[in-house]
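None of the figures in this text is laboratory data; all of them are computed from the coordinates on show. Because the structure is a prediction, the values reported are computed rather than measured. With ideal geometry, Cβ positions are generated from the backbone for all residues, glycine too; neighbour counts draw on all protein chains shown.
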Amino acid sequence: MVALTPATEPVLVRAAFHPGTPLRGTSHPDPLRASGEPVRWGVVSTGRIASIVVGDLALQPDAVLQAVSSRAQGSADDFAARHGFCRAYGDDAGVPGYVRLLQDQDVDVVYIATPHASHFAVAKAALEAGKHVLCEKPMTINAREAVSLVRLAQERGLFLMEAVWSRFLPSVQRAAQIIASGELGEIRWMQADLGFPAPYHPEARLWKREEGGGALMDVGVYLLTWALAVFGQPHSLTATSHRTQDGVDAETSMTLLYASGAQAQLMTSLTTVSTQTATVSGTKGMLRCNAPLFNPTELTITTGSGESRVEKFTPAGRGYTYQLREVLRCIQQGRTESPTMPLAETLITMSLLDEARRQTGIRYPAD
Ligand SMILES: NC(=O)c1ccc[n+]([C@@H]2O[C@H](COP(=O)([O-])OP(=O)(O)OC[C@H]3O[C@@H](n4cnc5c(N)ncnc54)[C@H](OP(=O)(O)O)[C@@H]3O)[C@@H](O)[C@H]2O)c1
């Protein structure tokens, strides 16, 4: 077990994250209602999650689907036609499609949905081109890259956020409210697991070291966002991994220890079926979300006497609408970060992922 001394400490302090602060609520009762002037979006990638998220983006009345980029012009054209984007940019004469998109003066904000290892380069180029950025999780490969992006966004006065969409869901916001209310007593323990069997292929991004593959980087963020919401920044972290022959983790477990003695036990896996739930245990009761913990639709609250109640939620769209509304609202109001998913929290997450990888010997080319 190693006490955390993140290399990013000065930035964390400057960003004024208060350990133990529960989720800051930004409840958007109707995420599909316009909150200001139209904002023009550019999307980098025509991959799986890009297709899903733009479905929710299309539901926003004040979001303009301006441009999409891909490594292949044909793929960008198809995506644009399918989702109603005005312009499509593919690689051309050695110029990457995303660079061409960033040169488009009619794009205000860029959503980056490429594999992890390319987030840093694309986000840096976007900020340098004067674009606001919503970047898929994890923000970068390591904390050093994330600090560099945060500094750049702060210098340029641009909005930057890691796409931790779960943070904005009414179910997750409600869980944080219940925990903060004291109904469960003092929270001493939480457990969360997120695993799924991902078919192995040496070229698949989940298994490929060059793409930032492995369980920890792909789903660890969701577990850490729950732990940060419940307890804030941990005092120490212990991690254990099973590594593949390619040097990425097939499974990683983490135990976070807090100054109060409370603990969070988190398990990620790319090989097993798992409950995909989070349980938060206090001295007076416990709360359990249903699967998947990144988009729960039910919370079960059980008291010490064994009574329980279930609260149900129906997210708007596919659930990404709340995060997209937050980005729109922040940009429309001239904010450079979200109070609900602040950059300090991304830096803490990246520091925790760095520490877990340091202990388990997982290295990426960008380290
Ligand atoms: N928020 C969520 O719920 C969620 C869910 C899944 C994934 N994610 C995150 O989203 C990111 C993408 O995941 P995915 O599942 O959508 O992956 P994916 O299906 O493999 O799509 C990624 C796309 O990025 C582009 N790309 C591939 N390699 C690239 C490279 N080296 N440089 C630049 N672009 C490249 C490709 O699009 P083109 O062929 O058009 O260039 C590819 O289709 C990951 O960081 C992941 O953690 C988030």
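Miscellaneous remarks
- Taking other C-beta atoms within 10 angstrom as a stand-in for reagent exposure, LYS131, LYS312 fall in the order LYS312, LYS131, fewest first.
- Residue with peak Gaussian network fluctuation, the chain [Cα springs, cutoff 10 Å], from SER269, SER338, SER181: SER181
- Computed on the chain, with alpha-carbon pairs under 8 angstrom and 6+ residues apart, the relative contact order is 22 percent.
- The simple Förster model, with R0 at 22 Å and r as the Cβ-Cβ distance, assigns ARG318 and GLU298 a FRET efficiency of 0.80.
- Charge tally in the Cβ shell below 14 Å around THR300, where Lys, Arg are +1 and Asp, Glu are -1, THR300 excluded: 0
- Angle between the chain longest axis and helix 48-57 axis [Cα atoms, degrees, rounded to 10]: 90
- The HN-Hα couplings worked out from phi for the range 126-142 by the Karplus form 6.51 cos²θ - 1.76 cosθ + 1.60 (θ = phi - 60°) are 5, 5, 5, 8, x, 9, 6, 9, 10, 10, 4, 7, x, 3, 8, 7, 8 Hz, whole numbers, x standing for Gly and Pro.
- Compared with the dominant Cα axis of the chain, that is its longest principal axis, helix 143-156 is turned about 60°.
- Other residues with beta-carbon under 12 Å from the beta-carbon of GLY97 carry, at +1 per Lys or Arg and -1 per Asp or Glu, a net charge of -1.
- Charge tally around THR272: other residues with Cβ under 10 Å, Lys/Arg +1 each, Asp/Glu -1 each, net -2.
- Listed residues GLY261, GLY90, GLY317, most fluctuating in the chain (Gaussian network, C-alpha, under 10 Å): GLY261
- Tilt relative to the chain, helix 170-181 - C-alpha long axis, 0 to 90 degrees, to 10: 40
- GNM top mover of ALA175, ALA121, ALA50 - the chain, alpha-carbon springs below 10 Å: ALA121
- The distance linking the range 157-234 with the range 323-367 is 11 Å (Cα centroid to Cα centroid, whole angstrom).
- Neighbour counting of Cβ atoms within 10 Å sorts the residues HIS116, HIS235, HIS201, HIS132, fewest neighbours leading, into HIS201, HIS235, HIS116, HIS132.
- Taken about its Cα centre, the chain carries a charge dipole of roughly 360 debye when the Cβ of each Lys and Arg holds +1 and the Cβ of each Asp and Glu holds -1.
- Close amide H partners of TRP189, meaning residues 5 or more places away or on another chain with modelled amide H under 5 Å apart, are GLN263, SER281.
- Value of [θ]222 nm, deg cm²/dmol, for the chain, DSSP H segments ≥ 4, -39500 (n - 2.57) each, nearest 500: -10000 deg cm²/dmol
- Size of charge dipole - the range 102-151 - debye, nearest 20, with Cβ of Lys, Arg +1 and Asp, Glu -1, no other charges: 280
- Under the convention that each Lys and Arg Cβ holds +1 and each Asp and Glu Cβ holds -1, the size of the dipole of the range 292-367 around its Cα centre is about 220 debye.
- Projecting the Cα positions of MET161, PRO199, GLY55 onto the charge dipole of the chain (unit charges on Cβ atoms of Lys, Arg, Asp and Glu, taken about the Cα centre) puts MET161 furthest along the positive direction.
- For the range 292-302, putting each phi into the Karplus relation 6.51 cos²θ - 1.76 cosθ + 1.60 with θ = phi - 60° gives couplings of x, 5, 7, 8, x, 10, 9, 10, 10, 10, 10 Hz, in residue order, rounded to whole numbers and with x for Gly and Pro.
- Residues whose amide H comes within less than 5 Å of that of ALA259, counting only those at least five positions distant or on another chain, are HIS235 (H built at 1.01 Å from N in the peptide plane).
- Across the range 307-319, coupling constants 3J(HN,Hα) worked out from phi with the 6.51/-1.76/1.60 Karplus curve, θ = phi - 60°, read 6, 9, 9, 10, 10, 10, 9, 10, x, 6, x, 8, x Hz, and Gly and Pro carry x.
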